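The structure appears right after this line, and notes come after that.
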Amino acid sequence: MSTVEDESPDATKPVDNGHAKESITSARKGVETIAPLIRSVEETPEPISTEVQGDIPSWINGNLLRNGPGKFEFGNKTFNHWFDGMAMLHQFKIEKGQVTYMSRFLRSDAYKNNSEKDRIVMSEFGTLSMPDPCKNIFQRFLSRFEMIEPTDNANINFVKYKGDYYVSTETNFMHKVNPGNLETLEKVDWSKFIAVNGATAHPHYDPDGTTYNMGNSYGSRGALYNIIRVPPPEQTDAKDNLQGAKVLCSIVPSDKSHPSYYHSFAMSENYVVFIEQPIKMDLLKIVTCKLRNKPLSEGIYWDPKQDTVFHLIDKRTGEVSSVKYHTKPLSTFHQINAFEENGFLVLDMCCSDGGEAIYNYLIQNLRKSGDALDEVYNSMAMVFPRRFILPLDVTSETETDQNLNTRPSSTATCVKVGKDKVFCHHEDLHGDDLKDWGGLEFPQINYGSYNTRPYRYFYGCGFNNLVGDSLIKMDLKDKTLKVWYQKGFFPSEPVFVPSPDAVEEDDGVILSVILTPSQDKATFLLVLDAKTLEELARANVPVNMPYGFHGVFNACE
């Protein structure tokens, strides 16, 4: 792969930027429309063959599973928000250098009821369902006083509990699915097993199969953040579902009526790290949204007057550290990695200095073009990878008002400013050149071997659009990057698959689904060498797909 020191994002080849470039701070013009990527598509329920160009390594044997919204309207009603579209599950089966593709809509109750009535009857994050027109005026009026039923439209991610695959959103409902044929098997309710009203779609896994997650609960004690632990199947009599799950501990929000929204959390070898950020949920507005004729999203807001707070929880005992680590207001959707070393917890995550992004992903915004699309894009804060250093041995004897970070290679600071309060300032994990690619989101690492451990590389999407438009490999040793980019192509979250005889951290491939809005049925699965980001192969799929969220690689034995 050629090394390009001064290449612009209009290149049509991989870029290896060994040095930071001068940052680009001016507003972008001519953002390419992505409207075709936010359209409803038909499912492909039977596997179809793809045309493979190049050579897919023969050792890759398994399924790339992806999840995301695939249907955005019923009848003459359209969902308002990208997060609302009906879950569509995708499978790319890779075997002996060949690839087949299939997709199915998740047969959730939301999907089935909406389909049967040919209208939106289940409220979603940004869309409030309308009262049944068949009811009389009095019945429709009374329906506004009912609580919104949580959706089971699990359109965010594939997750794994006790060896089984589920698709998940952020409510209390998941669906067990068959990764071999994408069949919807069983609806599972978290609240039947433990006292939570939902769980994130980004659990973490210990090597023994123990799974950790987070979920809120709302009761007489007010809102609580709950850390959840699900044991591996061999540690419980019942192998199915979530039997044996327990709430490891509960954390009281700084404001019980306005808890923080969170999409994920971090985990090191011994700790769960909860990031309480200033994206807040107004519970009164949420419980009265039907009465006010507003969707759930209207109850979520950004409060830049509040610090971001890191809470540390001992994974084995459930004890919550009395020391709270504060930093300036930021928003984060995805963490990269966390590990402990020499008395510090190192926390890496993708952050922005604004919390308005969640509001910008309205369907109408995603389908804009020209100046209107430029305006939406330029209103958004870029997301960048940052490192925080949290000292683990803070006591009453710890000195105040001095930097406790003794790691010579790190410019992050952490200063004790009160009895149980440490204020942290981050270190950038990038050079100025990352700004040219729109920052980085959808971070991924060699999870199986390096999660909770010191690591060197992570991968993600560059965002010179409202969705990812490049693939980026970051090297933490010298904060340099490599980029795969082709104009007009929009890659999904990169998934790292290690080679079976891997010696080094980046021995393996990157899998990403590439969508091309300017061409019809020009989708392909891209296979890159994870070391160089050079293209090894692509498998052309003769169907259209919408831009999705997250996925996993399911290796076959």
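Table for the structure above
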read-out	value
Karplus-derived 3J(HN,Hα), 6.51/-1.76/1.60, for each residue of the range 473-483, Hz, glycine and proline x	10, 9, 10, 6, 4, 10, 6, 9, 9, 10, 9
Under the Karplus curve 6.51 cos²θ - 1.76 cosθ + 1.60, θ = phi - 60°, whole-Hz ³J(HN,Hα) for the range 315-328, x wherever Gly or Pro sits	5, 8, 9, x, 6, 8, 4, 6, 7, 10, 9, 9, 8, 5
Within the chain: Cβ-based charge dipole about Cα centre, in debye rounded to nearest 20 (Lys, Arg +1; Asp, Glu -1)	1880 debye
Antiparallel content of DSSP bridges confined to the chain, in %, to 5	95 percent
Net charge of neighbours whose Cβ lies under 9 Å from the Cβ of R387, counting Lys and Arg as +1 and Asp and Glu as -1	-2
For N337, distant residues with modelled amide H under 5 Å away	D348
Vicinal HN-Hα couplings computed from phi for the range 278-292 (Karplus, 6.51 cos²θ - 1.76 cosθ + 1.60; Hz; Gly/Pro x)	x, 8, 10, 10, 7, 5, 5, 5, 5, 6, 10, 5, 5, 4, 8
Cut-off under 5 Å, modelled amide H: who pairs with G318 long-range	none
Calculated [θ] (222 nm, deg cm²/dmol) that DSSP helices of n ≥ 4 give over the chain, each run adding -39,500 (n - 2.57)	-1500 deg cm²/dmol
Charge tally in the Cβ shell below 11 Å around D469, where Lys, Arg are +1 and Asp, Glu are -1, D469 excluded	0
Highest average packing first - 535-543, 150-158, 67-75, Cβ atoms within 10 Å	150-158, 67-75, 535-543
Per DSSP, loop trypsin sites (Lys or Arg not before Pro) in the range 147-249 with at most 15 further Cβ within 10 Å	R221, K239
Proximal charge balance of M281 [Cβ under 13 Å; K/R count +1, D/E count -1]	-3
Ranked packing of 521-527, 423-429, 196-202, most packed first, by mean Cβ within 10 Å	196-202, 521-527, 423-429
Amide H contacts of L330 (H built 1.01 Å from N, under 5 Å, at least 5 apart or other chain)	T308
Computed over the chain: relative contact order in percent, which uses C-alpha pairs under 8 Å that are six or more apart	16 percent
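Read-outs: derived from the displayed coordinates by stated rules, not from any lab. All values derive from a computational prediction rather than experimental measurement. Cβ coordinates were reconstructed from backbone atoms using ideal geometry, including for glycine residues, and neighbour counts include every protein chain displayed.
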